[in-house]
Amino acid sequence: MMNTGEGNIQAVLAKKASGEKITMLTAYDYPTALLLDQAGIDIVLVGDSLANVVLGLESTKEVGMVEMLHHAGAVARAVKNAMVVGDMPYCAYQPHPQAAVDNARQFIGAGCCAIKLEWFDGCAQTAKQIIDAGIPVMGHVGLTPQTAAQMKVQGKDAAAAKVILEEAKKLEAIGCFSIVLECIPMELAHLITLQLKIPTIGIGAGPYCDGQVLVSYDVLGLAARYSPKFSKKYVDLQPLMLEAFKQYKNEVTLGHFPDDGHSFHMPQDELKKL
Ligand code: KIV
């Protein structure tokens, strides 16, 4: 069944028109996605950051369609109101752009409303094929971790900034419904946001974008490795989780858990029959 998420797309476009900010966070599992939806987040991205954040891989390039679809299904089962966007992993379109439409369809089959794909040479053509197949596409320019030579701020000089602006304009022209701007100077993000009719969603791109996205594990203080300068920790769950695990170990070791309140009894007459 194809979930076009037309209502969600109209809602994010309306937010650009009215100036209300669009909120987007990543999710990789059912319980987190339930909470994002309850919090009223507009867009839930099943990001290929799954690779480093959840699966312990070195690069987003290492995650495949099987893993992405497995997590996309879990997130889509939880979300009732937000728009679920599936992030096309590197292998889904970069080495074989002709496979892109089929892979995008699989995300829709898993319950996503749209897919996101990072800029690469030939991106506009690939994105157009997916859009022509009836699947909404969110673009992604600036720092594109799947192909970036270095994880650093992009578009700091006029020539590089012009390239990013042109990429964003191309993606709008072929019909993308929104664009992620990752790790670029806020002045450039502002310019792109003013020049595009479709919403820009920033991550490390300053406050002038139409919306913002962060990796939920950074927001929750659960990043096992490095968190970029642009992310913000709204709660520090790591020490809380560590404390809970230590308490559990201690109670089991001492025989304090499970106690009577966490155990079951057998009727005495049944016990006597054993
Ligand atoms: O995979 C991801 O988490 C992303 C966001 C950084 C936008 O692409």
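Some observations on this one:
- Two-site FRET efficiency, GLU166 against LEU194, from Cβ-Cβ distance with R₀ of 25 Å, rounded to 0.05: 0.95
- Global size of the stretch 6-235: 15.9, 44 Å for Rg and Dmax (C-alpha atoms, Rg to one decimal, Dmax whole).
- Approximate shape of the stretch 157-243 as ellipsoid semi-axes (Cα gyration tensor, √5λ), whole Å, largest first: 31, 13, 10
- Sorting the segments 155-161, 142-148, 218-224 by their residues' average number of neighbouring beta-carbon atoms within 10 angstrom, most packed first, yields 142-148, 218-224, 155-161.
- Among the listed pairs LYS16/LYS162; LYS128/LYS169; LYS152/LYS229; LYS61/LYS162; LYS128/LYS170, those with a Cα-Cα distance over 19 Å are LYS16/LYS162; LYS61/LYS162.
- Overall, the accessible surface of the chain at a probe of 1.4 angstrom is composed of carbon and sulfur to the extent of 59 percent.
- Extending 7 Å from Cα along the Cβ direction at LYS233 and again at ASP260 yields two label points whose distance is 4.2 nm.
- Sequence ranges 37-46, 5-14, ranked by mean other-Cβ count within 10 angstrom, highest first: 37-46, 5-14
- Across the protein chains, with a 1.4 Å probe defining accessible surface, the residues GLU20, GLU167 rank GLU20, GLU167 from largest area downward.
- Length gained when the stretch ALA99-LEU35 is fully extended (0.36 nm per residue, less Cα-Cα span): 19.7 nm
- Per residue, the accessible area of the stretch 211-255 comes to 75 Å² when a 1.4 Å probe rolls over the protein heavy atoms.
- Exposure of LYS80 as accessible area (Å², to 10), given a probe of 1.4 Å and all protein chains: 150
- Here's the picture: a label point sits 7 Å out from the Cα of LEU57 along the beta-carbon direction, and within the stretch 5-44 the residues with their amide nitrogen under 18 Å of it are 26-29.
- Annotation for LEU271 and LYS156: the two label points, set 7 Å from Cα along the Cα-Cβ direction, are 7.2 nm apart.
The values are calculated or read from the model by the stated rules, or taken from the named source; none is laboratory data. Predicted model, so just to flag it, every value in this text is computed and none were measured. Neighbour counts are summed over all protein chains in view; Cβ atoms, including those assigned to glycine, are modelled from backbone coordinates with ideal geometry. Ligands, DNA and RNA are excluded from the accessible area calculation, which covers all protein heavy atoms including side chains. Shrake-Rupley method; radii C 1.70, N 1.55, O 1.52, S 1.80 Å.
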